Amino acid sequence: MLSIDKRQIIAKRIAEELEDGQIVNLGVGIPTLVASYLGDKEVYLQSENGLLGMGPSPAEENLDIDLINAGKEPVTYLKGASFFNSADSFALIRGGHIDVAVLGTLQVDVHGEIANWAVPNQPILGVGGAMDLVTGAKKVIVAATLFAKDGTSKLVRELSYKTSGIRKVDLFVSDYAVFKFTDKGVKVVEMMEEISILELSEKVGFDLEYLNDLTLVSNK
């Protein structure tokens, strides 16, 4: 039994990947939670709607309805933050100036290709910055629970949803394990749950392998 919410566990683990001085874009959903686990790291958070230097979610008494991120959620800003229009924001992304993009996803295939913007037979609300970030960020980390609400695995052999781009992601941090994508396919680099590789393989529907020495992360 996990002692804290799975979404928080994923966000905390991803925060460990980030380094001082990096410009980081946090996607909608679990990625937005990463901001609360940065601690003393000097990371500059960017939002597609035109903010660099975004802070964590505000306390209710400090809420400003005019200050939101790209997912329309209330945020704060840090000393030295800058505001600009959406065109300049996307120029940062497309120009290769984003060090790390943390994105949610619907599916990730064994080669690291992701689908995170369209569900078959559902209304398409717009791709937003998903494709730009997949292409333009120097490093892409996926943040998502390993299984959807219907129990299906988000780690799949082959995408059945529309791709967000052919570029491979670097890491998939889930509530069960951390996966890395190599030329030989997907490998497990950390286990986030006390579960065997065989049990995890059965859950996702295909055989998984460790990459070098495995790390078991305690969530207690």
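Among the residues making up the range 18-76, those that are of a type in the set (A, V, I, L, M, F, W, C) and over 17 Å from residue 86 (Cβ atoms) are 18, 24, 30, 33, 34, 35, 38, 43, 59, 63, 65.
Only residues that are of a type in the set (D, E, K, R) and either surrounded by 21 or more Cβ atoms within 10 Å (Cβ to Cβ) or modelled with pLDDT of 95 or more (or both) were counted across the range 115-169, and they come to 6. Of everything listed in (1) surrounded by fewer than 16 Cβ atoms within 10 Å (Cβ to Cβ); (2) in contact (Cβ under 8 Å) with a residue 60 or more places away in the chain; (3) closer than 16 Å to residue 28 by Cα, the single unmet condition for residue 206 is (3).
Condition first: part of a strand (DSSP E or B), at pLDDT 90 or above, surrounded by 15 or more Cβ atoms within 10 Å (Cβ to Cβ) and touching an Asp or Glu at 6+ places or on another chain (Cβ under 7 Å). Can you find one or more residues in the range 172-179 that meet it? There is at least one residue in the range 172-179 that is part of a strand (DSSP E or B), at pLDDT 90 or above, surrounded by 15 or more Cβ atoms within 10 Å (Cβ to Cβ) and touching an Asp or Glu at 6+ places or on another chain (Cβ under 7 Å). Each residue in the range 180-211 was checked for being assigned to a loop (DSSP other than H, G, I, E, B) and β-branched (Val, Ile, Thr), and 1 of them qualify.
Scanning the range 146-155 for residues that are more than 15 Å from residue 116 (Cα to Cα), aromatic (Phe, Trp, Tyr) and either in a strand (DSSP E or B) or within 17 Å of the chain's Cα centre (by Cα) (or both) turns up nothing. The lone criterion from (1) crowded, with 20+ Cβ neighbours inside 10 Å; (2) at pLDDT below 95; (3) of a type outside the set (S, T, N, Q); (4) over 21 Å from residue 48 (Cα atoms) left unmet by residue 112 is number (2). Would you confirm whether or not the range 96-104 contains a residue that is of a type outside the set (D, E, K, R), surrounded by fewer than 19 Cβ atoms within 10 Å (Cβ to Cβ) and modelled with pLDDT of 95 or more? The answer is yes; a qualifying residue exists. Checking each residue in the range 10-36 for being modelled with pLDDT under 95 and either surrounded by fewer than 22 Cβ atoms within 10 Å (Cβ to Cβ) or hydrophobic (A, V, I, L, M, F, W, C) (or both) picks out 26, 28, 29, 30, 33, 34, 35, 36.
The values are calculated or read from the model by the stated rules, or taken from the named source; none is laboratory data. No experiment lies behind these values; they were computed from the predicted model shown. All Cβ positions, even for glycine, are placed from backbone atoms using ideal geometry, and neighbour counts span all protein chains on display.
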